[in-house]
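Asks: Questions regarding the structure given below will be posed in turn.
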Amino acid sequence: MRSGLVKKPITDKNGKRTYVWVRTDKGQVKKVSKKQVEETAAKQVKTKLEKQFAELYAKVKRREAGKGQEIKLTTDEVKTVLHNGMVGFVSAGVNPNDPEDVKLSDEDVAKRDEALKSDLVKSGFVFQKVHGKYGDEEDSYMVMVNDINEGELVSLGKKYNQDSIIHSIENKNRMIFTVGENSGKRFEGSGFVE
């Protein structure tokens, strides 16, 4: 048997069935952490983009700390990254589920947006501003590096009081709640709306 990650079903003490990722090595099965799963997925996605879309990969790969940048991709390039890459969506807009946040002025939201943009640059992320909707319409950032992990996105979501972030690997999306009563919960799905 070749080494790799395998999704295995488990049943908890209440009879609820869920799945865990395990690593198989020469017929042995070992549990692996979520971080190991993400690292393996990131390597596979990075390799795919590097080989099949080298020019695009050069545009979207993570830069060194402090050298991140906002870029503008064509519609076709965005589609390619969404379907073949690893991306995250995060904003600094108003959290409609926080009574204090909804009182923020447009100026306060603009300052918070600039702070998020600065954090993205400091982390070496390559990103593009996109228009989204969560409650009200808002500007969000599509972070397009092939090693952004769920933890980095969740940290940014918490810092900017966002109800949730989206982490996507090859068109498979996870919406992860970062603050509030649903913190830590997630929904999974696939696809994007143009």
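Asks: Among the residues of region 47-81, how many are crowded, with 18+ Cβ neighbours inside 10 Å and in contact with a strand residue (DSSP E or B) (Cβ under 8 Å, 6 or more places away or on another chain)?
Replies: Final tally of qualifying residues: 5.
Asks: Kindly provide the set of residues from region 82-108 that are assigned to a helix (DSSP H, G or I) and open to solvent by 70 Å² or more (accessible area, probe 1.4 Å), ordered by number.
Replies: Once the filter is applied, which keeps residues that are assigned to a helix (DSSP H, G or I) and open to solvent by 70 Å² or more (accessible area, probe 1.4 Å), region 82-108 yields 83, 102, 103, 106, 107.
Asks: In the list 81, 121, 154, which residue meets the criterion of being in contact with a helix residue (DSSP H, G or I) (Cβ under 9 Å, 6 or more places away or on another chain) and touching a residue at least 12 places away in the same chain (Cβ under 8 Å)?
Replies: 81
Asks: Same structure, new question: Suppose we keep only residues that are touching a Pro at 6+ places or on another chain (Cβ under 8 Å) and part of a loop (DSSP other than H, G, I, E, B) within region 135-194. Which one would you say is least open to solvent (accessible area, probe 1.4 Å)?
Replies: It comes out as 163.
Asks: Test residue 161 against the criterion of being of a type outside the set (A, V, I, L, M, F, W, C), touching a helix residue (DSSP H, G or I) at 6+ places or on another chain (Cβ under 9 Å) and at pLDDT below 85, and give yes or no.
Replies: When the stated conditions are applied, residue 161 does not pass them.
Asks: So is residue 139 in contact (Cβ under 8 Å) with a residue 24 or more places away in the chain, touching a helix residue (DSSP H, G or I) at 6+ places or on another chain (Cβ under 9 Å) and of a type outside the set (A, V, I, L, M) or not?
Replies: yes
Asks: With 55, 77, 64 as the choices, which residue is farther than 23 Å from residue 190 by Cβ, modelled with pLDDT of 85 or more and in a helix (DSSP H, G or I)?
Replies: So the residue among 55, 77, 64 that is farther than 23 Å from residue 190 by Cβ, modelled with pLDDT of 85 or more and in a helix (DSSP H, G or I) is 55.
The values are calculated or read from the model by the stated rules, or taken from the named source; none is laboratory data. As the structure is a computational prediction, the values presented were derived from the model and not from experiment. Because the Cβ atoms are built from the backbone with ideal geometry, glycine has one as well, and the counts that use them run over all protein chains shown. Remember, those area values only see protein heavy atoms, side chains included, never the ligands or the DNA or RNA. Shrake-Rupley method; radii C 1.70, N 1.55, O 1.52, S 1.80 Å.
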